[in-house]
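Structure, as structure tokens:
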Amino acid sequence: MAKDNERIKTIADHYGIKEQLRQLAEECCELAVEANHSARKGTTVKIIEEIADVAIMMEQIIYLAGIDRKDIDEVIDYKLNRQLERIGKEV
């Protein structure tokens, strides 16, 4: 996404955080619907499009909200470890 930073920032600045948060919610809903379809029918090109839409919107929110990627990485690390612990207890 680094090569797309300027385009992401230009679009994000144009619409602002309030509108882009709404758009993120819409894109997440569309991804959820497509994920459900793909679970039944197999992976489709449409799910790739929806993942891309959500990824773009997430990048815009990270930028607009001034979120530090280190904070995201820490939470991801915590959540992955927690899930692995849960899986370990399932055995």
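The values are calculated or read from the model by the stated rules, or taken from the named source; none is laboratory data. Here the structure is a predicted model, which is why all the values come from computation and not from measurement. Cβ sites come from the backbone with ideal geometry, for glycine too, and all protein chains shown count toward neighbours. Keep in mind that these areas ignore ligands, DNA and RNA; they rest on the heavy atoms of the full protein, side chains included. Shrake-Rupley method; radii C 1.70, N 1.55, O 1.52, S 1.80 Å.
For a quick check of your reading of the model, give me the residue pairs whose first member lies in the range 59-83 and is under 29 Å from residue 15 (Cα atoms) and open to solvent by less than 90 Å² (accessible area, probe 1.4 Å), whose second is assigned to a helix (DSSP H, G or I) and basic (Lys, Arg), with beta-carbon atoms closer than 6 Å and at least 6 apart or on different chains.
Going by the 6 Å Cβ cut-off, the qualifying pairs are 63/9.
Looking only at helices (runs of 4 or more DSSP H) that fall completely inside the chain, which ones have 2 or more residues that are in contact with a Leu (Cβ under 6 Å, 6 or more places away or on another chain) and of a type in the set (A, V, I, L, M, F, W, C)?
It comes to 5-41, 45-65.
Could you look through the range 16-31, keep only residues that are open to solvent by 60 Å² or more (accessible area, probe 1.4 Å) and without any contact (Cβ under 8 Å) to a residue 12 or more places away in the chain, and pick out the one that is nearest to residue 47 (Cα to Cα)?
Going through the qualifying residues, I end up with 29.
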